[in-house]
Amino acid sequence: MTEVSVAKEDLAAIDELVALKSVNKHFGALHVLQDIDLTIARGEVVVVIGPSGSGKSTLCRTINRLETIDSGTITIDGRALPQEGKELARLRADVGMVFQSFNLFAHKTVLENVMLGQVKVRKADKKQAEEKARALLDRVGVGSQADKYPAQLSGGQQQRVAIARALAMDPKVMLFDEPTSALDPEMINEVLEVMQQLARDGMTMIVVTHEMGFARSAANRVVFMADGRIVEQATPDQFFSNPSSDRAKDFLSKILHH
Ligand SMILES: Nc1ncnc2c1ncn2[C@@H]1O[C@H](COP(=O)(O)OP(=O)(O)OP(=O)(O)O)[C@@H](O)[C@H]1O
Ligand SMILES: [Mg+2]
């Protein structure tokens, strides 16, 4: 009996890829993350939604240590995020991040953008890095743009390059912070489709988005934040048809009926 339950616990621990425990963060007097407990299993797709200023971006940024935390712990694949140095660079590379603004290097070609991290951080040799970059650019549908500079691409193409660049590091988890909100409407779907495919391929993903269609079709779980707290979490079906908190009901009525 005991042996079986221990084995199950071990399995659950292995399956837990990202774990935040009692995480708190302040910006001066503002308590921006309040006792956040959140675990994300390997292969899980979690969509984070909530009103502006609720702490969604800060949450993402703490997960790859672009922001420090005041208390609590964050582990990636069982390992705490180190404070600084090479170890941090390596662990950070395990967490791919795609922002609203594409953040590509303007003076490097698309191909170079996707090769750079592989060579610098992962110490890949150039030929292998190039092969992998070309394969990833094909995968996100911009293989023919490899030799152009970012400014020569549409926003949707640039964002797909940003996704390819993050994937080139073989991340264990991908964070997306409103990846489509700076895009013209006709380009949103081409980026969402790439993300849908990633989700289907089993990538572990944390996605901050207002795209409720994506949340419904790709998410395993919706996490609703307000005022620095996780107010509720549920499957997309449960959350959209029967949210339990007034904050979530209010939020949904605003975003679904405008
Ligand atoms: N570097 C910073 N210094 C001080 N305050 C900050 C900083 N970054 C964010 N904040 C504040 O922390 C709160 C949470 O911000 P955050 O960007 O995480 O919210 P969000 O949920 O991502 O909002 P949005 O939907 O508008 O992107 C906001 O009140 C914001 O003004
Ligand atoms: Mg934000």
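What follows is calculated from the coordinates using simple rules that are stated; it is not laboratory data. Just so you know, these numbers come straight off a predicted model, no measurement behind them. Glycine also receives a Cβ, built like all others from the backbone with ideal geometry; neighbour counts cover every protein chain displayed.
At a Förster radius of 30 Å, what calculated FRET efficiency corresponds to the Cβ-Cβ distance of residue 35 and residue 147, to the nearest 0.05?
Efficiency, rounded to the nearest 0.05: 0.05.
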Review point. Which whole-number value in Å³ per residue fits the convex hull of the alpha carbons of region 43-163?
Key: 146 Å³
Review point. Using the Cβ atoms and a cut-off under 11 Å, what net charge is assigned to the surroundings of residue 63, where Lys and Arg are +1 and Asp and Glu are -1?
Key: 0
Study note, to complete from the structure: Along principal axes, largest first, the alpha-carbon spread of region 154-223 in whole Å comes out as 28, 28, 17
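Restricting the count to DSSP beta bridges whose residues both fall in the chain, what percent are antiparallel, rounded to a multiple of 5?
Close to 55 percent.
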Point to revise | Charge context of residue 154, other residues only, Cβ under 14 angstrom, K/R +1, D/E -1 | key: -1
**Study point:** residue 21 versus residue 80: modelled label distance in nm, points set 7 Å from Cα along the beta carbon direction
**Key:** 1.0 nm
Check your understanding: chymotrypsin sites (Phe, Trp or Tyr not before Pro) within region 55-148: which are DSSP loop residues with at most 14 other Cβ atoms inside 10 Å?
Key -> 105
Check your understanding: Check residue 17: other-chain or 5+ apart residues with amide H under 5 Å from its amide H, H built from backbone geometry?
Key -> 40, 41, 42
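In the structure shown, do any of 172/254; 86/127; 25/132; 21/120; 25/86 have a Cα-Cα gap over 30 Å, and if so which?
172/254; 25/132; 21/120
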Review point. By how many nm would the segment from residue 106 to residue 73 grow when fully extended, if each residue of separation counts as 0.36 nm and the alpha-carbon distance is taken off?
Key: 8.3 nm
Study note, to complete from the structure: For the chain the translational diffusion coefficient, Stokes-Einstein from a Kirkwood Rh over Cα pairs at 37 °C and viscosity 0.692 mPa s, in µm²/s, is roughly 171 µm²/s
Review point. To the nearest 20 debye, what is the magnitude of the charge dipole of region 2-256 about its Cα centre, counting +1 on the Cβ of each Lys and Arg and -1 on the Cβ of each Asp and Glu?
Key: 700 debye
Point to revise | the chain: angle of helix 126-139 to the longest principal axis, Cα-based, in degrees nearest 10 | key: 60 degrees
